[in-house]
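Have a look at the structure below, then the notes.
The values are calculated or read from the model by the stated rules, or taken from the named source; none is laboratory data. Just so we're clear, the structure is a prediction, and the values are computed from it rather than from any experiment. FYI the Cβ positions are ideal-geometry reconstructions off the backbone, even for glycines, and counts take in every protein chain you see. To get the accessible areas, we keep the full protein, side chains included, count just its heavy atoms, and leave off ligands, DNA and RNA. Shrake-Rupley method; radii C 1.70, N 1.55, O 1.52, S 1.80 Å.
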Amino acid sequence: MLRRHPWIFSGAIKAVRGDPAVGETVDVLDSAGAFLACGAYSPHSQIAVRIWTWDESQVIGPDFFRSRLARSFAARSQTPMSTYPSQHAGACSAVRLVNAESDGLPGLIVDRYGDFLVCQFLTAGAERWKHIIVESLTAEYSFAVRGVYERSDIDVRAKEGLSAVTGVLCGEEPPALIEIDEYGARFLVDVKRGHKTGFYLDQRENRRIVGELARGRSVLNAFAYTGGFAVTALRGEAANVTNVESSSPALELARRNAALNGFDESLCVNVEADVFADLRKFRDAGRSFDLIVLDPPRFAQSARQVEKASRAYKDINLLAFKLLSPGGLLVTFSCSGAVSADLFQKIVFGAALDSGREAQIVGRLTQAPDHPVLLSFPEGEYLKGLVLLSAPPRFLAAISNPSRSLQ
Ligand code: SAH
């Protein structure tokens, strides 16, 4: 508590006075009865209180939400990426405006896609203040919002005793597809049915980096979703891209996104398949690629699943190393918060060893700056990536030549 972590677990609570309703604002007191913080009560969750404020004088109501939202929007204009205004070259028209706990608004996600805002209310507290939050959003956000859409169809709501909800919260309903601009790359986003709020905004800067690494390379984009990395690789003059993805609507958008950016179908092959099986097929067929992107879904949903997830990460990374041409680049990610950066690096090292490959870390990647991590909330950091350069053939020959080794 004194470290200002925004969660209070149910086991840390000695007694609940009165009968607070789900999501109601409650004061948290220490054992001597002194005020510590005030937050939203969630009796169904292991996280029984999520802190709104440590300031006793602050009233939780419309003014509180307006000022927190304003602070969150202002922070976006201070980050290295230039997200405002969208019509300027090199800017981005899709951005995370509110990143929950890390922006002082536990349980609230707000993403902007062009003229529309898409929200997720993940917790009882955020749910209780939904209508005030939506009013404050349209009042505080300075550009013309055409509509606010809710995508609260996410499993974590069940832990809070909340059911899945989607639909228009105010203004117009978004069209079936919204076109966004990401540093000049164009993408069609299905905000109503796509993953998360429609697009993996957290990978924005990493997509740009892959674009810079791709020139002349044949690229394998595994777990492609709607082809984000494929488009930036092609814009970076990749020789060709192979997308592997199990969701057919996502892959159809990947095809449309390549075309939208002016790339001929012959440059981008789309394979609807399970990555685990398909990479084995490529290996058995003796295929190789000069740049491989591995961006799997969250394999570990909790600490209990870390071991199983580690095996899955090892498996795909081992296959990727086998498919990587000498001197090739592997850009490999984990978005499982429960798998630490250190553990992830060890898993990837194990995969390199087992594949007989030598590789160097030439880059470390993380989530985009509009997904900030509050220092007092390290759980907010979940995405980690490594850029690995596999040793060129001459170097491999040198390390495997016994006459050159020290005796
Ligand atoms: N790189 C993407 C985001 C990838 S999200 C981007 O930048 O937009 C992970 C994707 O993996 C999802 O689209 C999901 O449908 C897909 N997926 C999950 N399990 C899979 C599997 N076993 N084989 C192939 N695709 C899978």
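Any chance region 207-219 includes a residue that's within 18 Å of the chain's Cα centre (by Cα), open to solvent by less than 50 Å² (accessible area, probe 1.4 Å) and either within 12 Å of the ligand (Cβ to nearest atom) or not assigned by TED's automatic domain parsing to the domain that holds Val293 (or both)? Yes. In region 87-205, counting only strands (runs of 3 or more DSSP E) that sit wholly within it, the ones holding 2 or more residues that are more than 16 Å from the ligand (Cβ to nearest atom) and among the aromatic types (Phe, Trp, Tyr) span 116-121. When region 372-406 is limited to residues that are open to solvent by 30 Å² or more (accessible area, probe 1.4 Å) and of a type in the set (Phe, Trp, Tyr), the one that is modelled with the lowest pLDDT turns out to be Phe395. Per the conditions (1) closer than 21 Å to Glu245 by Cα; (2) open to solvent by less than 50 Å² (accessible area, probe 1.4 Å), the sole criterion not satisfied by Arg186 is (2).
What about Leu169, is it of a type in the set (A, V, I, L, M, F, W, C), open to solvent by 10 Å² or more (accessible area, probe 1.4 Å) and assigned by TED's automatic domain parsing to the domain that holds Arg151? So Leu169 fits the description; yes. Residues that are closer than 20 Å to Gly194 by Cα and among the acidic types (Asp, Glu) do occur in region 259-273.
Okay, residues lined up against (1) touching a residue at least 40 places away in the same chain (Cβ under 8 Å); (2) in contact with an Asp or Glu (Cβ under 9 Å, 6 or more places away or on another chain); (3) on the phi < 0 side of the Ramachandran plot:
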{"residue": "Glu205", "(1), (2), (3)": "yes, no, yes"}
{"residue": "Ile209", "(1), (2), (3)": "yes, no, yes"}
{"residue": "Leu213", "(1), (2), (3)": "yes, no, yes"}
{"residue": "Gly216", "(1), (2), (3)": "yes, yes, no"}
{"residue": "Gly228", "(1), (2), (3)": "yes, yes, yes"}
{"residue": "Gly236", "(1), (2), (3)": "no, yes, yes"}
{"residue": "Asn257", "(1), (2), (3)": "yes, no, yes"}
{"residue": "Phe263", "(1), (2), (3)": "no, no, yes"}
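Of the residues making up region 56-75, those that are surrounded by fewer than 17 Cβ atoms within 10 Å (Cβ to Cβ) and either of a type in the set (Val, Ile, Thr) or closer than 17 Å to Ala139 by Cβ (or both) are Val59, Gly61, Pro62, Asp63, Ser67, Ala70, Arg71, Ala74.
One residue stands out in region 323-337 among those that are within 14 Å of the ligand (Cβ to nearest atom) and assigned to a loop (DSSP other than H, G, I, E, B): the one that is surrounded by the most Cβ atoms within 10 Å (Cβ to Cβ), namely Ser336. Are any of the residues in region 297-305 at pLDDT below 95 and not aliphatic (A, V, I, L, M)? Scanning region 297-305 turns up at least one residue that is at pLDDT below 95 and not aliphatic (A, V, I, L, M).
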